[in-house]
Amino acid sequence: MELSRNLQYVKESLPLLQVEEEDLEKNPQFAKLLLEFCEVLEPSGATVCLCHELDEVETELRLQRKIWLQSEVIHRLVQEMLTDLEVKKQEGKITDDEKKFQDVLQQCLLVSECSRLLPSGSEMDSVSLLGLHKQDLQQTLPSETDVLWVRERLQMQLEEALRKKCFTFLSFHQPETDEESEVLRAAKALRLAKTLRDEKRRLRNEREKHQEMMATLEKQQATYPSVLLRCLSLLRQAASDLRLKAQSELDKMNVEYLETKSNALFLKLRMEELQVLTDTYTAEKVEIHKHIRSSLEAAVKSEKTELSASRQILASYEFLGTQFEELVKEYTQLRDKIKDNRWAIEELSKTVP
């Protein structure tokens, strides 16, 4: 139980570390080392001190990035203003104030861009471009009055350009705001940055969830074939078992059915036989057969009686022995002679008229 809690604590503290409960069981000292690491390491794997320094650097980087973006936005807006004034100048629609504003602004912008190319005051040992210094470029600036006039006018135009840009971004992000009042659009434009940050955070979270889901899907896709093969094997085995069991039950039922059917056929044959006998032997025929049978039985009985008497006589004759045999021969001869004489008398009687 304690090992499971330690494993859960390690996975929560160091999510990048892939460790299983078996590893901790086999290596108790390794488990102790991981618990000590959890005290001094962040979930990313870095130390607490390093993470603190990294946070400070990231904060400074965001600040410098913000400053650079602000200057870059202003610089691009100024470039757009100068481009629009140049187009109006080519079309002949520019006024004297706009022409003066363009010339002074271009001169100030050129001096500013050239000044960035020159070494700063802390870089005294470096060689400047063409031997120029920032003091030399300051002399080419317009008069201070013109610079103040341009600065005041530039501020108003920058505010107007930024307002239009914000409204353009708002219309692109929320097209339904085009029908709303300017005050309401300005309020929504002020919250647009926060809204975009929230959406960016939400999209990042959704992307992370999507990546996690894709990783889970890949794991499932790798696991599903083996699971499906296992299920297929189990289904095949179950089907085979059920088929054999069902086949035996089916064979038993078929045997019972055939046995019942054969019994029914035998009973039907017996019924047909009885029907044939019933049709063949009517009541009158049965009475006649009974009479014939009684007559035959009476004749058989009479014959048996005569046979018994003959056997008694024969037995009495056999008692005489050889004398009986001589008498039988003599009787036979006399009977044959009598038979011959009768035949001769009959023949003679036929010839006598």
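The residues of region 164-197 that are hydroxyl-bearing (S, T, Y) and exposed (fewer than 11 other Cβ atoms within 10 Å of the Cβ) amount to a single one, S181. Inside region 156-182, residues that are among the aliphatic types (A, V, I, L, M) and either modelled with pLDDT under 80 or within 45 Å of the chain's Cα centre (by Cα) (or both) make up a count of 1.
Residue-level analysis places T216 outside the set of residues that are of a type in the set (S, T, Y), assigned to a helix (DSSP H, G or I) and over 43 Å from the mean Cα position of the chain (by Cα). Please verify whether K268 is under 60 Å from the mean Cα position of the chain (by Cα), modelled with pLDDT of 85 or more and open to solvent by 100 Å² or more (accessible area, probe 1.4 Å), treating the condition exactly as stated. Spelling it out, K268 is indeed under 60 Å from the mean Cα position of the chain (by Cα), modelled with pLDDT of 85 or more and open to solvent by 100 Å² or more (accessible area, probe 1.4 Å). Pairs meeting the criteria (first residue in region 82-111 and farther than 13 Å from V147 by Cβ and of a type in the set (A, V, I, L, M, F, W, C), second residue at pLDDT 85 or above and in a loop (DSSP other than H, G, I, E, B), beta carbons under 7 Å, at least 6 apart or on different chains) are lacking.
The values are calculated or read from the model by the stated rules, or taken from the named source; none is laboratory data. Computed from a prediction, not measured in an experiment: that's the story for all the values here. Note that each Cβ is placed from the backbone with ideal geometry, even for glycine, and that neighbours are counted across all protein chains shown. With ligands, DNA and RNA removed, areas are computed over all heavy atoms of the protein, side chains included. Shrake-Rupley method; radii C 1.70, N 1.55, O 1.52, S 1.80 Å.
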